[in-house]
Amino acid sequence: MPITNDRFALNAANARWGSLYDAYYGTDAMGAPPPEGKYERGNGSRVIARTRVFLDRAFPIAGSSHADVKRYSVEQGALNIDGLPLQEPEKFVGYRGDPLSPDAVLLVNHGLHVEFVFDCNHPIGSRDQAHLADVRLESAMSAIMDCEDSVACVDAQDKVLAYSNWLGLMQGNLSAEVSKGGTTITRRLNDDLHYSAADGSTSTRKGERCFGYVTSVI
C-alpha cells in the first residue's frame, strides 16, 4: 500500500480479519460471479452451506456437523456444541460474552484464528438456527507499506507525510476522514480483540495486520 495514502494504509492494516460470508458471496470463490442488486437469499444460503463445509473440515465435531448445530456454549472450560465436543478440543481458544450464550467463539487452525460471531438480531443470524451471523478469518498476510514503487516523495512535504503516516501506524493513532454516500466517517486502526480463555484468563488477538515496509524515503 502507498504509505502516503492514509486511507489505503488503514484499509490494508484492518484487513487482518475478514468475513468468510462476504468472501464467498461477493466474489467468484464458489465458481460464479456475485449476483447484482440487493442481497439474494438463495445465493446466501449456498454461502452458508459452503461455510459449514469449511467448518466441518477445520473443526470437526464428534458425531455431528456444523450444519446441524443449534447451540454453541462454553461449559467447564470447553466448547460445547449441542452437547458434543470438538474432535480436537485444543482448537478452542476463547469466547466473548455469556459462556452459555456467547457473542463470539474463537478457534484456531494451523496457527490462524477463526471467529464465530453470534447475533440473533442480525439479518443472517436471525434466520440461522444457531444464530451464527458471521464467520471471520484471520489472514496470514502482512501489509507492506510502500515508500517508493507506488509513491513519489520528491520534497520535504512529501517525506513528512510518508513518515508521519508510518509513525501513526506504529503508534496506533493514524486516522483518516472518509466520505461515502454523503456521510463522513473517521477510519482508525481496529482495536485488539479480547476473549475469555478456557482457563479463565484473558486472551488477546491483534485487530490489525503486522507491518513491513519496502525501501526508504531518502
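The values are calculated or read from the model by the stated rules, or taken from the named source; none is laboratory data. Computed from a predicted structure; not experimentally measured. Here the Cβ is made from the backbone with ideal geometry for all residues, glycine too, and neighbour counts use every protein chain on show.
A few remarks follow.
- Residue within region 149-165 that is touching a residue at least 60 places away in the same chain (Cβ under 8 Å), surrounded by fewer than 18 Cβ atoms within 10 Å (Cβ to Cβ) and not in a loop (DSSP other than H, G, I, E, B) present: yes
- Positions within region 112-148 being outside any strand (DSSP E or B) and either in contact with a His (Cβ under 7 Å, 6 or more places away or on another chain) or among the hydroxyl-bearing types (Ser, Thr, Tyr) (or both), in sequence order: ASP119, CYS120, GLY125, SER126, SER139, SER142
- Per this entry, ARG50 is counted among residues that are without any contact (Cβ under 8 Å) to a residue 60 or more places away in the chain, among the basic types (Lys, Arg) and surrounded by 13 or more Cβ atoms within 10 Å (Cβ to Cβ).
- Counted residues, region 85-102 - those being without any contact (Cβ under 8 Å) to a residue 24 or more places away in the chain and surrounded by 14 or more Cβ atoms within 10 Å (Cβ to Cβ): 1
- So ALA15, is it surrounded by 14 or more Cβ atoms within 10 Å (Cβ to Cβ) and modelled with pLDDT under 90: yes
Residues are listed down the side, and each one gets a yes or a no for (1) within 21 Å of SER101 (Cα to Cα); (2) surrounded by 15 or more Cβ atoms within 10 Å (Cβ to Cβ); (3) touching a residue at least 40 places away in the same chain (Cβ under 8 Å):
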site	(1), (2), (3)
MET170	no, no, yes
LEU174	no, yes, yes
GLU177	no, no, no
GLY181	no, no, no
THR186	no, no, no
LEU193	yes, yes, yes
SER196	yes, yes, yes
GLY200	yes, no, yes
SER203	yes, yes, yes
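- The listed residue being in the same structural domain as ALA130 (by TED's automatic domain parsing), under 15 Å from the mean Cα position of the chain (by Cα), buried (at least 17 other Cβ atoms within 10 Å of the Cβ) and not basic (Lys, Arg), out of VAL74, VAL117: VAL117
- Test: residue in region 128-147 that is among the hydroxyl-bearing types (Ser, Thr, Tyr) and either crowded, with 16+ Cβ neighbours inside 10 Å or free of Cβ contacts under 8 Å to residues at least 40 places away in the same chain (or both): no
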